[in-house]
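Engineer: Please see the structure below; I have some questions.
The values are calculated or read from the model by the stated rules, or taken from the named source; none is laboratory data. Just so you know, these numbers come straight off a predicted model, no measurement behind them. Glycine gets a Cβ as well: all are built from the backbone with ideal geometry, and neighbour counts include every protein chain shown. Quick note on the areas: whole protein, heavy atoms, side chains included, nothing else; ligands and nucleic acids left out. Shrake-Rupley method; radii C 1.70, N 1.55, O 1.52, S 1.80 Å.
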Amino acid sequence: MNDFQRLTEVSRPSRYLGGELGSRSKSPQQVDLRMALAFPDVYEVGMSHIGFPILYRILNDLDGVAAERAYAPWPDMAELLQRDGAPLASLETGLPLADFDIIGFTLQYELSYTNVLWMMQLAGLPLRREQRSTDAPLIVVGGPCAFNPEPLADFFDCALIGDGEEALVELVETVRSSRSEGIERSELLNRLAKIEGIYVPSLFEIDYQNDGRIAAIRPLKKEYSKVRRRFLADLETAAFPTEPIIPFMQTVHNRVAMEIARGCTRGCRFCQAGYIYRPVRERSPEKIAELVEAALKNSGYEEISLLSLSTGDYSCIEPLLQGLMAKYAEDRVAVSFPSLRVGSLTEGLMEEIKKVRKTGFTLAPEAGSERMRQLINKGISEEDLLETTQRAFSLGWRLIKLYFMMGLPSERDEDLLAIIDLAARVKRSGRGTEGGADVNVAVSTFVPKPHTPFQWEPQIGIEETLRMQTLLKEGLRAKKLRFKYHEATLSFLEGVFARGDRRLGRVLEAALAAGCKFDGWREHFDFAKWQQAFADCAIDPAWYLRERHEDEVLPWDHIDCGLPKSFFVKERHKALELAATPDCRTDECSGCGVCDFEVVKMRLQQTQALPLAKATRRSAGDSDLRFRVRLRLAKRGRAKMVAHLEYLTMFQRAVRRAGLPVRFSQGFHPTPKISYLEALPMGVESEAELVDLELFAPLAAEEIASRLNAQLPEGFTIIAADILAAGAPSPSAAVVASIYRVPLPKEISGLESRIAAFLASERIEEVRIKKGREKRIDLRADVAAIELVDGELELKLLKGSPLRIAGYLFGLDMEAVRQLGVRKTTILLRK
C-alpha cells in the first residue's frame, strides 16, 4: 500500500511500510522475472525467520531477477484492503502478488495453512491449481512442512524439498527460460520435475482403500516415482546475508542470526528436524567471524545469536564464543544461544555463557523418567541434568527453564509424575546459591511427525491431553513450580495436518470460508469452526491421530528425505527395546543412509583457537571529554508512520552503523547518550525534529550528518548539523514553540469564527478517557497562535499534539485529522 496515510487506520503500521534499510527494489527495466517470497504469518514473525533473508539475497543477486516480500496482514489491515478493493501486494514495490511470475510460500508450521490460502485469496488468485489460468503466478512451497505437503497438494504447483539455496535458483532459471520460449504450464511442470528436490503433485495420483487408508501413490511418469530431497553439500561456501534487512518495528528476533551449522546427528527419535536436515555441516569459525563482523557493521544490532539445531555440539563452540566475546565486549555486543543440550554443556562453555546471559537458562530434558529418555534416545541422565543445573545456579543464574513432552509412545502416569519430581529436584539443586533458584516447566503435547521413527505412533486425543495437563498442573503447583503448556485443541489440529493427506484440502477450504486464519494465535483460533469444517466434509479428524501399520502406505512415502523407511522402522523397534543409537559425530556410523561419503557427508571443523582483533572502540571514552552535536532531521513519506519508540531504535542503530563515537550512560544497563524531542504523533510529517548526540571524540558536524544520512532509511534525512556549546539545553528545553500546518477538510464552514472564539477563550476543557479514567485537559493552554495561511490551518504550539486542537476546530475526531496529512514545518528555539 503506497498510500501510507491510510495506515493510521491499522495497528502497527510499520508492518506494511517497506523501505527498510537493506531491502532491495529493482526497476521494471532491470527485471524479467519477479518472485514474491510470501510468509504466512505477520511481519514480525516472518522477519525473524533465518531462511527468507538467505533466499532474498540469492535471488536479488541474479541479473534480471527480483525477489520481493509479502507477509500475512493482520485482520485489521486485511479489512482495509478489502474495503478499498486493493489486492495483497509486495512491500518493495507495492506490486500485486497476482502480477508476480512466482509466489513462494514457506511452510514452517501446520497451523499456518489457512493463512497460505487466505493470502492467495487476498491476492485475487483462485485457490485450486486447476482453476488458475496459465498466466497466473507459479505457486511454490518449501520449508519443513513441505516434507509432507499433501494437505495443500491441490493448491500449489510445486514444492521444494530440502535445502533451497541452489534448487531455487534452478527453479527460477527454468521458469525464466520457459517463459521466453512461451511453453505451456504443463510442460513447465515437467521441466521442473527434472530438478532434484522439486515435487510436482499433479504428476501423482492417490488411490484410497475402503477403510480410508491409502492404497497406492501412483506416479504418472515412470521415471518420476520419488522426489529426493535437495542437499546443500557445504555450508562454508553458502550464501549468507551480511547486509540484512533492518525492520523499523521490534520483531521476534532483532539481532544478527548466524547459522553456525546445519543438521544434527543426535538421533532424538521424535525430532523431525534432526532427520530431514542431516548430515551435519559446520561453518568454520573464521568464516563465522567474518560474516558476523560484516553483519554487525551493516545492521547496527547489539546481539549475535549463534544458531543450529544443537549449538552446543558445534565442534569449535568454546573458542568461537571466547573469540567473539573478546572481540565485541567493549562494543557492548552480546552473544546468545537458543536452548542448550545438557550433554553439550562443558564447564568452560558455561563459564563463557554466564558472561553474557544470566536471566534464564533453558534446557530440554524432553522426558522426566530415565525409561522415556532412553525410548526417545535423548542420551542424558538425571545426574547429568542435575549436575548442569547445580553449576548454572552456582554461576549466577536465577531461573532455569525446562522443556518436556507428554504423550510419548508407551508413556504412563508414572513417567508424567517423574517430570514433576525431576523439576523439583532441579529447583533443589539451587539451594544455598546466592539469589535463590527458580524453575519454569513447559510441557508440549507430542505430535508424531513424518520422516521420524515415531511417524507410525498414535497421538493422544484432546481428553487425554487435558487429563495429563491437569495431573501435571496440580503436581507442579504443589511443588511451587510454574507450568506452561500448549492448548490441547491446537496440538490436536497440528497432529491432524502433520500426517494428513490430500483429502484435508477440502477441510482447509471450508475452514477458510468459515473465517479461520492465524490459527497459531490463541486470540484468533476458533476450534468450533474447525469442527464444523470437518463435519461439513464428512471427515473424522481423530482418524488421522491413529497408529499406522508399518506396511501401510503413508501420504508422504513418495517424498525421499534421504533416509530410507527401513532405517526408521529399525529405530522404532530400538525405541521400544530402550536401545540407544550412538551419535555418529563422536561414535560409529549409525547407518542412516543419508551420506554418500563423497559429496553428501558430515563436514566438521577441527577444534582450534580463534584469535580475533578487538572491534573498533566506539561506545566508550575518556570521561572528561564531551562533544555535543545537534541534528535537525526531517521525517517524510513512509517515515511519518514509524512510531516514536521504533524511531528511537532505528536512529540508535544508524548511529552504530555510522561508527560515531557516541558516549554511553553509566550503570548496569548503559544506553547511548542521545536526546530527542517529545514524540511526534503517528502520521505527522516533520521538517524540524531535533536530535542531540554526545560524543567522546570530536567530529565535524558535516561529517556526522553525511555518515548518518548514508545509514538512515528512506524518508529520514539530516538537514542540518551544529556543534553545541557546553551547557546548551536539551532538545525539548531548547524549543519555544512548534509550527504545524493542517490541510482543511473538503467541507467546512465557520472556521474563522471558531478560531476567533478559541483564541478569545481563557480555557477550553475536553474530557479524555485514559485507562478507564476520566481526565480533563485544557486545549487552550499550549496554543500560542492560530492562523489560516495559504488555505491551510497553521498552529503555533508551545507543546502537545496538533491533532486534538485541529480536531476541535474542524469538528472531527483525531483519526480523521490524522488522515488530512499534518506537517510540522518548523520550530522556534530559545536564543
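Engineer: When you have a sec, figure out the Kirkwood radius of the chain from all distinct Cα pair distances and drop it here in Å to one decimal?
Structural biologist: 29.8
Engineer: Of all beta bridges DSSP finds with both residues in segment 245-338, what is the antiparallel percent, to the nearest 5?
Structural biologist: 20
Engineer: Taking H placed 1.01 Å from N in the peptide plane, check which residues at least 5 places from SER590 or on another chain put their amide H under 5 Å from its amide H.
Structural biologist: CYS584
Engineer: Given the Cα-Cα distance of THR433 and ALA613 and 0.36 nm per residue of separation, how much length would full extension add, in nm?
Structural biologist: 61.2 nm
Engineer: To the nearest 20 debye, what charge dipole does segment 706-831 have about its Cα centre, counting +1 at the Cβ of each Lys and Arg and -1 at the Cβ of each Asp and Glu?
Structural biologist: It works out to roughly 540 debye.
Engineer: Give me the dipole magnitude in Debye, nearest 20, for segment 285-427 about the Cα centre, with unit charges on the beta carbon: positive for Lys and Arg, negative for Asp and Glu.
Structural biologist: It comes to approximately 360 debye.
Engineer: If each DSSP helix of 4+ residues adds -39,500 (n - 2.57) and the sum is divided by the residues in the chain, what number results at 222 nm, nearest 500 deg cm²/dmol? It would help to have the intermediate numbers written out before the result.
Structural biologist: Numbers: 24 runs with 246 residues, N = 831.
Calculated from helices alone, the mean residue ellipticity at 222 nm is -9000 deg cm²/dmol.
Engineer: Another question, if that's okay. Between THR362 and ASP813, how many nm apart are label points set 7 Å from Cα along the C-beta direction?
Structural biologist: For the pair THR362/ASP813, the computed spacing is 4.0 nm.
Engineer: Next up: Could you tell me what percent of the accessible area of the chain is made up of carbon and sulfur, with a 1.4 Å probe and every protein chain present? List each step's numbers first, then the result.
Structural biologist: Details: 16870 of 34210 Å².
Accessible surface attributable to carbon and sulfur in the chain totals 49 percent.
Engineer: Here's something else I'd like to know. Angle between the Cα long axis of helix 527-536 and the longest principal axis of the chain, 0 to 90 degrees, nearest 10?
Structural biologist: So the helix axis and the longest Cα principal axis differ by about 50 degrees.
Engineer: Evaluate the distance, in nm, between pseudo-label points positioned 7 Å from the Cα of GLU9 and of ALA781 along their respective Cα→Cβ axes.
Structural biologist: Those two pseudo-labels are separated by 3.5 nm.
Engineer: Accessible area per residue, 1.4 Å probe, Å², for the chain: what's the number?
Structural biologist: Accessible surface, normalised per residue, equals 41 Å².
Engineer: From Cα pairs below 8 angstrom and at least 6 apart in sequence, can you work out the relative contact order of segment 3-129, rounded to a whole percent?
Structural biologist: 30
Engineer: How big is the Cα convex hull of segment 692-736 in projection, averaged over all directions, in nm²?
Structural biologist: 4.1
Engineer: Let me ask something else. Pop the C-beta distance of GLU598 and ARG626 into the FRET formula with R0 = 60 Å and round what comes out to the nearest 0.05.
Structural biologist: Efficiency, rounded to the nearest 0.05: 0.45.
Engineer: Also: Against the longest alpha carbon principal axis of the chain, how many degrees, from 0 to 90 and to the nearest 10, is the axis of helix 565-576 turned?
Structural biologist: Orientation of helix 565-576: about 90 degrees from the principal axis.
Engineer: Sticking with this structure for a sec: Considering the dipole of the chain built from charges on the beta carbon (Lys and Arg +1, Asp and Glu -1) around the Cα centre, which of GLY495, TRP556, TYR301 is farthest to its positive end?
Structural biologist: TYR301
Engineer: Once fully extended, how much extra length lies between SER180 and ILE769, figured as 0.36 nm per residue of separation less the alpha-carbon to alpha-carbon distance?
Structural biologist: Numbers: separation 589, 0.36 × 589 = 212.04 nm, distance 6.18 nm.
Computed gain between SER180 and ILE769 is 205.9 nm.
Engineer: Another question, then. Please find the FRET efficiency linking GLU187 to GLN131, where r is the Cβ-Cβ separation and R0 is fixed at 25 Å, and quote it to the nearest 0.05. Don't skip to the end; give the middle numbers.
Structural biologist: Numbers: r = 20 Å, r/R0 = 0.78.
It comes to 0.80.
Engineer: Using a 7 Å offset from Cα along Cα-Cβ at TRP521, what residues in segment 27-58 end up with backbone N under 20 Å from the label point?
Structural biologist: 38-50
Engineer: Report the label-to-label distance for THR346 and THR825 in nanometres (one decimal), using points 7 Å from each Cα along the Cα→Cβ vector.
Structural biologist: Label at THR346, label at THR825, 6.8 nm between them.
Engineer: How would you rank 460-468, 237-245, 768-776, highest first, on the average number of other Cβ atoms within 10 Å across their residues?
Structural biologist: Numbers: 460-468: 16.7, 237-245: 18.3, 768-776: 7.8.
Top to bottom by mean Cβ count within 10 Å: 237-245, 460-468, 768-776.
Engineer: Sticking with this one: Based on Cβ point charges of +1 for Lys and Arg and -1 for Asp and Glu, what charge dipole magnitude is obtained for the chain about its Cα centre, in debye rounded to the nearest 20?
Structural biologist: Numbers: 112 positive and 117 negative charges, 469 e Å.
Once rounded to the nearest 20, the dipole reads 2260 debye.
Engineer: Which angle from 0 to 90°, rounded to the nearest 10, does the C-alpha axis of helix 167-181 make with the longest principal axis of the chain?
Structural biologist: 80
Engineer: So between THR717 and GLU463, what do we pick up on full extension, going 0.36 nm a residue minus the alpha carbon distance? Numbers along the way, then the final one.
Structural biologist: Working: separation 254, 0.36 × 254 = 91.44 nm, distance 5.88 nm.
Fully extending the segment from THR717 to GLU463 adds 85.6 nm.
Engineer: Relative contact order of segment 676-781: what whole-number percent is it, with Cα pairs under 8 angstrom and at least 6 residues apart?
Structural biologist: It comes to 18 percent, rounded to a whole number.
Engineer: Give the separation of the Cα centroids, segment 529-606 to segment 40-65, in Å.
Structural biologist: 29
Engineer: Considering the dipole of segment 426-518 built from charges on the beta carbon (Lys and Arg +1, Asp and Glu -1) around the Cα centre, which of PHE446, THR465, SER429 is farthest to its positive end?
Structural biologist: Working it through, the farthest residue towards the positive pole turns out to be SER429.
Engineer: From the residues GLY267, VAL280, THR242, which one has its Cα farthest along the dipole of segment 199-290 in the positive direction, the dipole being from +1 and -1 charges on Cβ of Lys/Arg and Asp/Glu about the Cα centre?
Structural biologist: GLY267
Engineer: Restricting to Cα pairs below 8 Å that are 6+ residues apart, what does the relative contact order work out to for the chain? Please round to a whole percent.
Structural biologist: Relative contact order comes out at 12 percent.
Engineer: Within 12 Å, Cβ to Cβ, of ASP84, how many net charges do the neighbouring residues add up to if Lys/Arg are +1 and Asp/Glu are -1?
Structural biologist: Surrounding charge for ASP84 is -1.
Engineer: Between segment 140-162 and segment 296-344, what is the C-alpha centre distance in whole Å?
Structural biologist: Centre-to-centre (Cα) distance: 33 Å.
Engineer: Would you mind checking segment 232-270 for residues with the amide N under 15 Å from a putative spin-label position 7 Å along Cα→C-beta of ALA442?
Structural biologist: Residues 252-253 fall inside that zone.
Engineer: Given H placed on each backbone N at 1.01 Å, which residues far from LEU399 in sequence or on other chains put an amide H within less than 5 Å of it?
Structural biologist: Placed amide hydrogens put PHE361, ASP438 under 5 Å from LEU399.
Engineer: Sticking with this structure for a sec: Using a Förster radius of 35 Å, what is the FRET efficiency between GLN652 and TYR224 based on their Cβ-Cβ separation? Nearest 0.05, please.
Structural biologist: Computed FRET efficiency for GLN652 and TYR224: 0.05.
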